[in-house]
Structures are given as structure tokens and as C-alpha cells.
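Peer 1: Next up is a structure, given as C-alpha cells.
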């Protein structure tokens, strides 16, 4: 059985940003306050069901995947390490955000690859790994390793998550997996809604520490830090 609580290092937009308001409204959940939110006008009747999976995690992009703490590690130490990581000067990734399908679900993704963003994600994977408890057999099986590539299986066993390093794809999830028939119209609708935000550039300029208390709980933000620009 998975160990709890679990923690994750995510990119989450500033709580007062247009991006945060857009994503939180679409998911019907604000991971800052922990409150349910009303969906925007125009969603399909089954929108709550379609967004059920990402709602559990809050609007975010994964940098270090959910993990239980290793023996001897404490939450306050992880908070301190997150603040120290954010305080180190680095190039701040800037992307052109677009809405598109990725692996069957819909998300905000970069229009093109960003080396700065790949570097940020890789640093999060490696530098926070000392806090990660080893995967349980159940956790590993849930990743369905038989369907992963050899490299992804290697990363799963080394880092606790298969989609890291060159396998990393930045995405801020808006729906669960959709079949082909549903996906096209919903991508088009979400693109229209996202265009209304006016966002054509997005700085990935902060990290947040999310916490999930138990299997029935949603993730909530317990700490958030702006990244320091070089």
C-alpha cells in the first residue's frame, strides 16, 4: 500500500495570476485555498466527471512527482530545501502556452521545447530525490511498467517516476483521458477559453510544494516560492 502523506514539487502559477484563475476554474478546485470552485459557463454536462482525475492534484505541472518521505526526512526539511532551491539564481524558462492533447488528455503545454525548462525539471528530479521513499510494489505496478519503454522503466526504478529527463513533457492538465470522439471538440472549446485569457507568454517562475494527506484527500499547496532569476 502507498505511504502517506505524499508530497510533490510542482510548478503552480501565482495565486493572483490569470493562469491560476483559468486552471482552477476549469478544474473546479483551488489548491491554494482548498476550496471547490464553480465551473465556468459553457462546460459540458459531464464536465465534473471529465475533470475528476486532475482535480485531485490541483492545477499544476509536475517537476518532482508525488512521493512519500524517506525514513528520517521531515516536512519542515522539505520546505526548507524547496525555499533554498528556489533561491538559487538560474535562467527562468519562458514558454508560449498552448492548449492541446497529450497522451489522451488535454493540457496547457509549450508550443515548442524549452531547454531551460528541461533543465529546471531535471534539477528538481535529482535534487529532491533524497527526500523520496522507495517505491512500494503497489506504486510500481500502478505505473504499468510492461507498457513503458526500457528507458522509462530505468527512470521509474531510479527516480520513482518514468517521465523524467529526456522523457519529461511539461503539461498543466485540464481533463482526464478522453476518447477520440470527445477530444477534438473539447480541445477546440478549451482553446477558445484559453485565448480569452490573452496569455501568449508564460514564465515558469515559481515552484510549489503540494501535500496529500491520505488516499482520499486532494493535494494542497503548503509552500510556494518564486524562482530567482540569474
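Peer 1: Which members of region 130-141 meet the condition of being assigned to a helix (DSSP H, G or I) and either without any contact (Cβ under 8 Å) to a residue 40 or more places away in the chain or under 28 Å from residue 20 (Cβ atoms) (or both)?
Peer 2: If the condition is that a residue be assigned to a helix (DSSP H, G or I) and either without any contact (Cβ under 8 Å) to a residue 40 or more places away in the chain or under 28 Å from residue 20 (Cβ atoms) (or both), then 131, 137, 140, 141 are the ones that fit.
Peer 1: If the requirement is being within 30 Å of residue 229 (Cα to Cα), part of a helix (DSSP H, G or I) and out of contact with any strand residue (DSSP E or B) (no Cβ under 8 Å at 6 or more places or on another chain), which of these qualifies: 192, 166, 154?
Peer 2: Checking each option against the conditions leaves just 166.
Peer 1: Going by the conditions given, is residue 230 touching a strand residue (DSSP E or B) at 6+ places or on another chain (Cβ under 9 Å) and at pLDDT below 95? Lay out the reasoning, then the answer.
Peer 2: On the way: touching a strand residue (DSSP E or B) at 6+ places or on another chain (Cβ under 9 Å): yes; at pLDDT below 95: yes.
Yes, satisfied.
Peer 1: Of 45, 40, which residue is out of contact with any helix residue (DSSP H, G or I) (no Cβ under 6 Å at 6 or more places or on another chain) and surrounded by fewer than 17 Cβ atoms within 10 Å (Cβ to Cβ)?
Peer 2: Of the residues listed, the single one that is out of contact with any helix residue (DSSP H, G or I) (no Cβ under 6 Å at 6 or more places or on another chain) and surrounded by fewer than 17 Cβ atoms within 10 Å (Cβ to Cβ) is 45.
Peer 1: Here's a follow-up. Kindly indicate whether any position in region 85-100 is free of Cβ contacts under 8 Å to residues at least 60 places away in the same chain and within 20 Å of residue 8 (Cβ to Cβ).
Peer 2: No, the conditions are met nowhere in region 85-100.
Peer 1: Any idea which residue in region 1-33 is surrounded by the fewest Cβ atoms within 10 Å (Cβ to Cβ), counting only those that are over 16 Å from the mean Cα position of the chain (by Cα), touching a residue at least 40 places away in the same chain (Cβ under 8 Å) and under 29 Å from residue 70 (Cα atoms)?
Peer 2: Filtering first and then ranking leaves 1.
Peer 1: When you go through 64, 112 one by one, which is the residue that is within 19 Å of residue 218 (Cβ to Cβ) and in contact (Cβ under 8 Å) with a residue 12 or more places away in the chain?
Peer 2: Exactly one residue qualifies, and that residue is 64.
Peer 1: Which one of these is more than 28 Å from residue 24 (Cβ to Cβ) and surrounded by fewer than 15 Cβ atoms within 10 Å (Cβ to Cβ): 112, 147?
Peer 2: 147
Peer 1: Collect the residues in region 34-59 that are assigned to a loop (DSSP other than H, G, I, E, B) and either on the phi < 0 side of the Ramachandran plot or more than 17 Å from the chain's Cα centre (by Cα) (or both), keeping them in residue-number order.
Peer 2: Taking region 34-59 and keeping what is assigned to a loop (DSSP other than H, G, I, E, B), we get 34, 37-46, 51, 58-59.
Scanning region 34-59 gives 37, 38, 39, 40, 41, 42, 43, 44, 45, 46, 51, 59.
Peer 1: Follow-up question, since we're still on this one. Might you check whether a residue that is out of contact with any helix residue (DSSP H, G or I) (no Cβ under 8 Å at 6 or more places or on another chain) and crowded, with 16+ Cβ neighbours inside 10 Å occurs anywhere in region 175-188?
Peer 2: yes
Peer 1: Name the one entry in 73, 112 that is in contact with a helix residue (DSSP H, G or I) (Cβ under 6 Å, 6 or more places away or on another chain) and part of a loop (DSSP other than H, G, I, E, B).
Peer 2: Testing whether each residue is in contact with a helix residue (DSSP H, G or I) (Cβ under 6 Å, 6 or more places away or on another chain) and part of a loop (DSSP other than H, G, I, E, B) leaves just 73.
Peer 1: Okay, moving on. Would you please name the residue that is farthest from residue 105 (Cα to Cα), looking only at residues in region 189-198 that are surrounded by 13 or more Cβ atoms within 10 Å (Cβ to Cβ) and more than 19 Å from the chain's Cα centre (by Cα)?
Peer 2: Result: 197.
The values are calculated or read from the model by the stated rules, or taken from the named source; none is laboratory data. In this text, all values refer to a predicted model and were calculated from it rather than measured experimentally. We place every Cβ from the backbone using ideal geometry, glycine too, and count neighbours over all the protein chains shown.
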